[in-house]
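The structure appears right after this line, and notes come after that.
The values are calculated or read from the model by the stated rules, or taken from the named source; none is laboratory data. Predicted model only: the values in this text are computed from it and were never measured. Please note: Cβ atoms are built from the backbone with ideal geometry, for glycine as well, and neighbour counts cover all protein chains shown. Surface accessibility is based on the protein's heavy atoms, side chains included, excluding ligands, DNA and RNA. Shrake-Rupley method; radii C 1.70, N 1.55, O 1.52, S 1.80 Å.
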Amino acid sequence: MRAVLWTGIPYNVTVQDVPMPRIQSPTDALVRMTAAAICGTDLHVYHGIYGSSTPPWIMGHEGMGVVEEVGDGVQSLSVGDTVVIPDLLDTGSINMDLATDWDVGGIIGLGDDNGSPSGAQAEYLVVPFADNSLIPVPSSNTSNTGSTPEQISYLFLSDIFATGWTALTYSGFETGDTVAVFGAGPVGLLSAYSAILRGASRVYVVDSVPSRLDLAESIGAIPISLNGTADAGGPAAEILRREPNGVARSVDCVGYEAVNSNLERQENTIILDMVNVTSPYGGMGTIGVFAALDRSDGTPLAGNSTGMVEFPVADFFNKALSWRSGAVDPKAVAPELEELVTSGRAQLDFIVSSVIGIEEVPEFYARFDQHLETKVIITFD
């Protein structure tokens, strides 16, 4: 089969022939992929900073398809079912770790160290513990082309819709709140969209890319451009001119790759802005990745991010703010988000800029990295 591989060369992915995956366990399911996507987290791998220590591996953690074969132990799925593959798979057993309310097995598309050498940017994928890992979606609303608006919306249950939605939850969001979303990539746009769906009074979206800000405005958010705000005090000052008491909630959808008002890399610039712009007793949510991996064959440029940033703890304390961060398990919110898509309330294809075949993937990784694309969908014959 054809698959997209990371081989440890920064700013380079390749499309190669690899062996077809086979069911290894009675609880496995073989999925014929109909659609996958390129995600911002894939770019962390592409930059040589994130992932496993030993390449190669198949890229991609956003995917959906049709069940082609199931192991004898699979009970709730049948051949022909349409399913979404979440980026975090099930453990297959009860998790007895203290203070844990979600079970995470392998993470697809990030290599062996993260639990799975396979990824979604391939023609087929074997999913372990399929009953508890795969998200079934109505096949009547999808097709084998992978590019209908309904199918694209379901595809985003695999990661970015769930992540954008949960980022808002991390901030402590309540209906009627004002919200500032930092970053208008796909996750940031869907976090802003989630805020609007959930009844935010006003949503501000901060970014430097005009096309992304146009999309934010098209869904009813207020765009705040990073460009030209340095002399005016930055985006937080611009928001505070409109919201003198600050916003109730702020969300970081960028992480360690944040840039300041001069468009220079500064890992803590969004953290500083969130503490500044969030009103007393408000909340902050961070789902942008902060990575601190050692250099290896799989992460040759990992030393570029230390994982340590300066934090304004006195201001945070004096404003009595709360802050939650971390990876998101899409399975935890899949039922409610699927209902939003099925009912037509959530229509997410507005963020898609290109639909491509697998042979075009290397070109579109580069385009996505250069902010020439908002969201790229890969479809399979």
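Report the accessible area of H371, computed with a 1.4 Å probe over the heavy atoms of all protein chains in place, in Å² rounded to the nearest 10.
Surface accessible to solvent at H371 totals approximately 90 Å².
Hey, any idea what the orientation-averaged projected area of the convex hull of the chain's Cα atoms comes to, in nm²?
With the hull built on Cα positions only, its mean projection is 17.7 nm².
Comparing L263, L348, L157, which has the greatest mean-square fluctuation in the GNM of the chain with Cα pairs linked when under 10 Å apart?
Its mean-square fluctuation being the largest, the pick is L263.
Only bridges whose two residues both fall in the chain count here: according to DSSP, what percent of them are antiparallel, nearest 5?
Of all bridge pairs located within the chain, approximately 55 percent are antiparallel.
As I understand it, the dipole of the chain uses +1 on the Cβ of Lys and Arg and -1 on the Cβ of Asp and Glu, about the Cα centre. Which of I270, A232, M284 lies farthest toward its positive end?
A232
For region 249-381, count all C-alpha to C-alpha pairs, find those more than 26 Å apart, and express that count as a whole percent of the total.
44
Grab every C-alpha pair in region 1-136, bin the distances at 10 angstrom width from 0 up to the longest one, and report whole percents.
Histogramming region 1-136 at 10 Å steps yields 13, 44, 32, 11, 0 percent.
Just to verify a number: what accessible area does W323 come out at with the full protein assembly present, 1.4 Å probe, Å² rounded to tens?
100
Below 8 Å between Cα atoms, with a sequence gap of 6+, how large is the relative contact order for the chain in percent?
19
Evaluate E = 1/(1 + (r/R0)^6) for Q16 and Q370, where r is the Cβ-Cβ distance and R0 equals 22 Å; express this FRET efficiency to the nearest 0.05.
E between Q16 and Q370, to the nearest 0.05, is 0.40.
Add -39500 (n - 2.57) for each DSSP H run of 4 or more in the chain, then divide by its residues: what number comes out at 222 nm, to the nearest 500 deg cm²/dmol?
-7000 deg cm²/dmol, from helical runs alone.
First compute the accessible area of region 298-381 with a 1.4 Å probe, then give the percent of it belonging to carbon and sulfur atoms.
51
GNM, the chain, Cα, under 10 Å: largest mean-square fluctuation among G65, G185, G303?
In the Gaussian network model the winner is G303.
Could you work out how far apart the two model spin labels at D72 and S53 are, taking each label as a point 7 Å from the Cα in the direction of the beta carbon, and quote it in nm?
About 3.8 nm separates the two model spin labels.
Hey, what's the Cα Rg ratio for region 146-199 versus the globular rule of thumb, 2.2 N^0.38 Å?
That ratio works out to 1.16.
Can you give me the accessible area per residue for the chain, using a 1.4 Å probe, in Å²?
40
Name the residue, out of R345, R202, R32, whose mean-square fluctuation peaks in a Gaussian network model built on the chain with Cα pairs under 10 Å.
The residue that fluctuates most here is R345.
By per-residue mean of other Cβ atoms within 10 Å, what is the highest-first order of 113-126, 214-227?
Those peptides, ordered most packed to least, come out 113-126, 214-227.
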